[in-house]
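What follows is a short report on a single structure.
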Amino acid sequence: MNVREVQQKIDTMILHLGGYWRPLSGLARLLEEVGEVGGALRREARDELKEELLDVLVISTCLANQYAIALQQPEAEGGESKEKLYFQIVEEAGEVARILNAYEGDKKLKPNRKGQSLQHHIEQLQRAVLSLGESYYLNLFDSLFALIEEKSARDFGRFDHTPDPITETSVRTYLSHQPGRYWGGVPVKSFERFDRYIEREQHVERFYRIAAIEGLDGFVIQQRRDGLIGIENPFVKEGFTVAIEDYGAETFLIIRPVK
């Protein structure tokens, strides 16, 4: 499987299980699995190491999916010791935590260092994971499909549904018409004012914070016949615009960063 197929299969699995965790919950699981990789290394437990490395790949891919990141195909790299590769995994997981704490937590948001977006650090993390696996002659990428199938069957019904802007019907429908990196909003109410909708849809503020840094193309709101009102001159944050797009009987409002 290539990385795009992996992202799609993991997305299907997550929807089957009930939806994505909130990003900070996903981050906590990622750091937990990185710690378990260290435990497996210390115990020299090869089978356990394989399982934990696969979990790191799956959870980091979930985080990438939640930010509409199209990951580049990771390639294992030789030349580093096993110890240094684990240190790199820890370092990159820490960078992912730093960024997500700024996006979703209490840390003040600062511009990322050039070329070091969330995508950059997830890709570096996965490259280190594959390299460590290869040093133990573990073909991790080829083992992912079986793990995804196992989790889909084992964990079905285990998790409550958590709304997420990457799984809303609005964005899934829009992506059937236009490709790109988009988040989507919750369904609109009958005759709902645009400004009231923006207040109710909490993910718009998240979108405003990170769109330019992470390269998101837009935030999708699916209109309905008796839906949003006051869209003739909708107010959005400075640096963003609103476009209305029609595809057959479907109408969307797209909040886009000014480029």
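The values are calculated or read from the model by the stated rules, or taken from the named source; none is laboratory data. If you're wondering where the values come from, they're calculated on a predicted model, not measured in any experiment. So basically every Cβ, Gly included, is an ideal-geometry build from the backbone, and we count neighbours across all protein chains shown. Note: accessible area is taken over every heavy atom of the protein model, side chains too, but ligands, DNA and RNA are not part of it. Shrake-Rupley method; radii C 1.70, N 1.55, O 1.52, S 1.80 Å.
Table for the structure above
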quantity: Checking T167 against (1) modelled with pLDDT of 90 or more; (2) surrounded by 14 or more Cβ atoms within 10 Å (Cβ to Cβ); (3) of a type in the set (S, T, N, Q); (4) farther than 20 Å from G26 by Cα, the condition it does not meet; calculated: (4)
quantity: Qualifying positions in the range 57-95 - more than 30 Å from E168 (Cβ to Cβ), assigned to a helix (DSSP H, G or I) and in contact with a Lys or Arg (Cβ under 9 Å, 6 or more places away or on another chain); calculated: Q88
quantity: Scan of the range 231-247 for residues that are farther than 30 Å from A102 by Cα, open to solvent by less than 40 Å² (accessible area, probe 1.4 Å) and not in a strand (DSSP E or B), ordered by number; calculated: I231
quantity: Which listed residue, of L253, L228, L216, is open to solvent by less than 40 Å² (accessible area, probe 1.4 Å) and touching a strand residue (DSSP E or B) at 6+ places or on another chain (Cβ under 6 Å); calculated: L253
quantity: Test for Q119: is it open to solvent by 30 Å² or more (accessible area, probe 1.4 Å), at pLDDT 90 or above, within 13 Å of L57 (Cα to Cα) and part of a helix (DSSP H, G or I); calculated: no
quantity: Hits in the range 37-53 (condition: in a helix (DSSP H, G or I) and open to solvent by 60 Å² or more (accessible area, probe 1.4 Å)); calculated: R42, R43, R46, D47, K50, E51
quantity: Residue match in the range 32-50 (condition: over 16 Å from K82 (Cα atoms) and within 14 Å of the chain's Cα centre (by Cα)); calculated: no
